[in-house]
Amino acid sequence: MSLPPIWRQFLYETGEISRFTGRFFSQGFKPRYEITELLRQCFIIGYKSLPLIGLTGFIMGLVLTMQIRPSLISYGAESQLPAMVGIAIVREIGPVITALIFAGKIGSSIGAELGSMKVTEQIDAMEVSGTNPFKYLVVTRVMASTLMLPVLVILGNAISLYGSYLGVNIRGVTSFDLFFKQVFDALSFKDFVPAFIKSYFFGFAVGMVGCFKGF
């Protein structure tokens, strides 16, 4: 009994991306290192993504605060709003939403850029000229996305918490110091570390899939 075509395609794609990932680990940490291209990709992937990540984080914090507040008021727990929003953003919502926005912007742009280079035979020209296109194009982009997404998550969380602070003050008055004191009193080291670590895996997955689809 043969497998349906959709399952054959799924298994084929899984094998190909596994082989592609293995090639990254076998070549990515060997000299020659493309430091200049890596820094350029960090600037493009990280710095140029900050406005979109910041805007999304600000809106997320503001809307989340305004949606949760009526429910807390009905239970007489409005004072717990900063702590609840802080835990929700830092633990789960911040890393996941930031990674989704990052995937939509960076993953698609990497795939489109490398795909256009493949179609126009620029990658073949690099091989002919003696340059390793995999190290120059794939390794630098995957490493840049892996390194930059955790930084964007931290900045996005900070901007999101500031948006939450403004949301709290739309219908009340809470000082900046009091709001963030309540947020950080509710958070612990174990809340921050898992979210920070998994953002590396999110960044690696986005860069790897984007490069695989384009390359």
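Just so it is clear, none of the values below were taken in a lab; they were calculated from the coordinates. Owing to the predicted nature of the structure, the values given are computational and were not obtained by experimental measurement. Don't worry about glycine lacking a Cβ; one is built from the backbone with ideal geometry, like all the others, and counts go over all protein chains shown.
Considering helices alone, the calculated mean residue ellipticity of the chain at 222 nm is -25000 deg cm²/dmol, with DSSP H runs of length four and up weighted by -39500 (n - 2.57) and normalised per residue.
Residues in segment 87-94 carry Karplus couplings, in order, of 5, 4, 5, 6, 6, 10, 5, x Hz; the curve used is 6.51 cos²θ - 1.76 cosθ + 1.60 with θ = phi - 60°, and Gly or Pro positions show x.
Cα extents for the chain along the principal axes, largest to smallest and rounded to whole angstrom: 68, 52, 30.
Straight-distance candidates among the lysines for linking to residue 30, with alpha-carbon spacing under 22 Å and chain neighbours fewer than 8 residues away dropped: 135.
Across the chain, the mean sequence separation of Cα contacts (distance under 8 Å, 6 or more residues apart), normalised by length, yields a relative contact order of 38 percent. Around residue 194, under 15 Å between beta carbons, what's the net of Lys plus Arg minus Asp minus Glu among the other residues? Surrounding charge for residue 194 is +1.
In order along segment 108-124, phi translates into HN-Hα couplings of 5, 5, 5, x, 5, 5, 5, x, 5, 5, 5, 5, 7, 6, 5, 5, 5 Hz, rounded to whole numbers, per the Karplus curve 6.51 cos²θ - 1.76 cosθ + 1.60 with θ = phi - 60° and x for Gly and Pro.
In this simple spin-label approximation, residue 50 and residue 71 carry label points 7 Å from Cα along the Cα→Cβ vector, and these lie 3.4 nm apart. Considering only 201, 26, 183, and ranking their Cα positions along the charge dipole of the chain that arises from unit charges at the beta-carbon of Lys, Arg, Asp and Glu, the one farthest toward the positive end is 26.
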